[in-house]
Amino acid sequence: MKNLLLTTTLAFALTGPSFAAGTHDGGHSNDHAGMAKEMMIGMPGDPAKVTRTIDVSMRETDDGEMLFEPGSLDFLRGETIRFNVINNGELEHEFVIDTMMGNAEHKEAMAKMDMEHDDPNSVRLDPGASGEVVWTFSNFGSFEFACLIPGHYESGMHGPIMVGEQMAQADVEYTTGTIKKIDAKAGKVTIIHGPLVTLDMPAMTMVFRADEEMMAKMYEGQDIEFVADRVKGKLTVTALK
Ligand SMILES: [Cu+2]
């Protein structure tokens, strides 16, 4: 088959304009107290139905950055996640999940007055403290986690949350490409490739990592079908045919 994009494991739907109103219609205090109100990003999860636990660390770096680890999050629609959030920094931080619009509005409000969140979609922690958020991602889309304490978002404390849907296993995987260059010593291969939908990347020419075994099956100029994924933060060819 010569389709540029043969298949895909995840389908992402972007949040539409109707979602843009955010979740805090100015009445910030109205949705306190853990009310199970559904937001675009989903709703408070039932701790008995947690499907995965994710550790999230918050801290500052020596050069003045502030960050979350991991730096991005991917879920499947319907997952209920327990976020074990720990503040490894020396300043107070918070973990808030919402639409980007919701976070932007909230951040603006916090710039005027440092409100302390007590919403089910957030947790605010003193240095050394840990806490949790249990959340069900009931809608597709692109969302965001962030710390909205003034200045922290700008110092790096935000990252994307993608909520997608799992397709049938038979539909999984290969993208077409042509091998442009191989640098076996460095374990790198340059591939002119079609869109990598699961990685949210358009068609382009990119350098990937590949292990020795994978490399042995490749030659420059070869037309391939391959799967790429992030392995330890590096784009890596994980399957080839
Ligand atoms: Cu912070």
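The values are calculated or read from the model by the stated rules, or taken from the named source; none is laboratory data. All figures in this text were calculated on a predicted structure; none of them were measured in a lab. Glycine gets a Cβ as well: all are built from the backbone with ideal geometry, and neighbour counts include every protein chain shown.
Kindly indicate whether any position in region 185-203 is of a type in the set (Gly, Ala, Ser) and under 19 Å from the mean Cα position of the chain (by Cα). Break it down into steps so the answer makes sense when it comes.
Within region 185-203, the first condition is being of a type in the set (Gly, Ala, Ser), and the residues that meet it are 186-187, 194, 203.
This time we only want the ones that are under 19 Å from the mean Cα position of the chain (by Cα), so: none.
Taking every residue of region 185-203 in turn, none turns out to be of a type in the set (Gly, Ala, Ser) and under 19 Å from the mean Cα position of the chain (by Cα).
What number of residues within region 75-119 satisfy the criterion of being more than 15 Å from the ligand (Cβ to nearest atom) and touching a Lys or Arg at 6+ places or on another chain (Cβ under 7 Å)?
Qualifying residue count, region 75-119: 3.
Does Ser122 count as more than 16 Å from the ligand (Cβ to nearest atom) and within 26 Å of Glu38 (Cβ to Cβ)?
Details: more than 16 Å from the ligand (Cβ to nearest atom): no; within 26 Å of Glu38 (Cβ to Cβ): yes.
Criteria not met by Ser122.
Could you run through region 222-241 and say how many residues are under 28 Å from the mean Cα position of the chain (by Cα), part of a loop (DSSP other than H, G, I, E, B) and modelled with pLDDT of 90 or more?
Matching residues across region 222-241 total 0.
For the subset of region 75-115 comprising residues that are touching a Pro at 6+ places or on another chain (Cβ under 9 Å) and assigned to a loop (DSSP other than H, G, I, E, B), which member is modelled with the lowest pLDDT?
Of everything passing the filter in region 75-115, Asp114 is modelled with the lowest pLDDT.
Give the number of residues within region 76-95 that are within 21 Å of His106 (Cβ to Cβ) and within 16 Å of the chain's Cα centre (by Cα). Walk me through how you get there before you give the answer.
Keep residues of region 76-95 that are within 21 Å of His106 (Cβ to Cβ), which gives 81, 83, 85, 87, 89, 91-95.
Restricting the remaining residues to those that are within 16 Å of the chain's Cα centre (by Cα) gives 81, 83, 85, 95.
Of the residues in region 76-95, 4 are within 21 Å of His106 (Cβ to Cβ) and within 16 Å of the chain's Cα centre (by Cα).
Residues of region 51-74 being out of contact with any Leu (no Cβ under 8 Å at 6 or more places or on another chain) and not in a strand (DSSP E or B), which ones?
Initial filter on region 51-74 (out of contact with any Leu (no Cβ under 8 Å at 6 or more places or on another chain)): 51-53, 55-57, 62-65, 67-73.
Selection gives Thr51, Asp62, Asp63, Gly64, Glu65, Pro70, Gly71, Ser72.
Given (1) assigned to a strand (DSSP E or B); (2) over 23 Å from Pro70 (Cα atoms), where does Tyr219 come up short, assuming only one miss?
With respect to (1) assigned to a strand (DSSP E or B); (2) over 23 Å from Pro70 (Cα atoms), Tyr219 is out only on (1).
More than 16 Å from the ligand (Cβ to nearest atom) and either out of contact with any Pro (no Cβ under 6 Å at 6 or more places or on another chain) or at pLDDT 95 or above (or both), is that true of Arg52? Spell out the reasoning first.
Values: more than 16 Å from the ligand (Cβ to nearest atom): yes; either out of contact with any Pro (no Cβ under 6 Å at 6 or more places or on another chain) or at pLDDT 95 or above (or both): yes.
Yes, satisfied.
Provide a single number: the residues in region 178-203 that are at pLDDT 90 or above and on the phi > 0 side of the Ramachandran plot.
1
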